[in-house]
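These notes are about the structure you will find just below.
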Amino acid sequence: MDEIEIAPLRLDEADAVVELAGRVWRAHYPGIISAEQVEYMLAQRYRPVLVRQFIARGDLWLAARAAGVLVGFAHGHPQAEGDYKLDKLYVDLDWQRHGIGGRLIGALAGRAAGQGYTRLVLRVNRQNQQAIDAYLKHGFTVATIYLEDIGGGHVMDDYVMTKELT
């Protein structure tokens, strides 16, 4: 396996983020949510202009790169007092199960703790057992259930998971 670099995402990688997210979503989410909902959510959340806007407003975007190529990313931002939201975490299908997701979580957690945040918070689809298991492995616990109508006839049925930062 190539050496993995974890560093801030560059503005010129916004298109690569959108492409990577699309590949992961289209491979992973069928059977969990409908193909229509996959496309609806990708269109809402993964456009290069949005990624660049989030970076410009100061959100934390971390890139995992192998030989300079984006193979994973994490996105986080401050939430309620003391909480830091892990909003997005994806690793290229060919690079999963190599510890990259854990390294991205650790890097994001370290930066959030360094800024005085005491807890990471995330939402994960309740049917996404692979992701839930990964988050549990990395110290998250299920806090509550969150149901949200996201429009277009689609609903997000999530667990809210939290991890204390020390």
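Name the helices (complete DSSP H segments) of the chain with a Cα length along the long axis of 18 Å or more and a Kyte-Doolittle mean of at least 0.0, or state none.
On the way: long enough: 14-28 (21 Å, 0.21); 100-114 (21 Å, 0.85).
Taking the DSSP H segments of the chain (at least 18 Å long, mean hydropathy at least 0.0), we get 14-28, 100-114.
With springs only between Cα atoms under 10 Å, which of 107, 14, 67 fluctuates most in a Gaussian network model of the chain?
67
What is the spin-label model distance, in nm, from residue 126 to residue 45 if the labels are put 7 Å beyond Cα along the C-beta direction?
Output for this residue pair reads 1.8 nm.
Report, ordered by chain and residue number, the aspartates and glutamates lying within cross-link reach of residue 85, taken as a straight Cα distance under 16 Å and ignoring same-chain residues fewer than 8 apart.
Once the sequence-local aspartates and glutamates are set aside, what remains near residue 85 is 59, 158, 164.
Only one of the listed values, (1) -0.78, -1.29; (2) -0.88, -1.21; (3) -0.72, -1.59, was derived from the coordinates as log10 I(q)/I(0) by the Debye sum over Cα atoms at q = 0.14, 0.20 Å⁻¹; which label is it?
Answer label, from the structure shown: (3).
If you take the charge dipole of the chain about its Cα centre, with +1 on Lys and Arg Cβ and -1 on Asp and Glu Cβ, which of 145, 48, 60 is farthest toward its positive end?
It is 60.
DSSP beta bridges in the chain, what fraction antiparallel, as a percent rounded to 5? Kindly include the intermediate steps, with their values, before the conclusion.
On the way: 35 of 39 bridges.
So the antiparallel bridges amount to about 90 percent of the total.
Just to confirm a number: summing +1 for Lys and Arg and -1 for Asp and Glu over residues other than residue 55 whose beta-carbon lies under 10 angstrom from that of residue 55, what do you get? Walk me through the numbers before you get to the answer.
Details: positive: 10, 52, 57; negative: 13, 59.
After counting each charged neighbour, the total is +1.
Reachable lysines from residue 137, Cα under 16 Å, same-chain residues fewer than 8 places away excluded?
Qualifying lysines at Cα under 16 Å: 163.
The numbers here are math on the coordinates, done by the rules we state, and not lab data. Model, not experiment: these values are computed from the prediction. Using ideal geometry, Cβ is built from the backbone for each residue, glycine included, and neighbour counts are taken over all protein chains shown.
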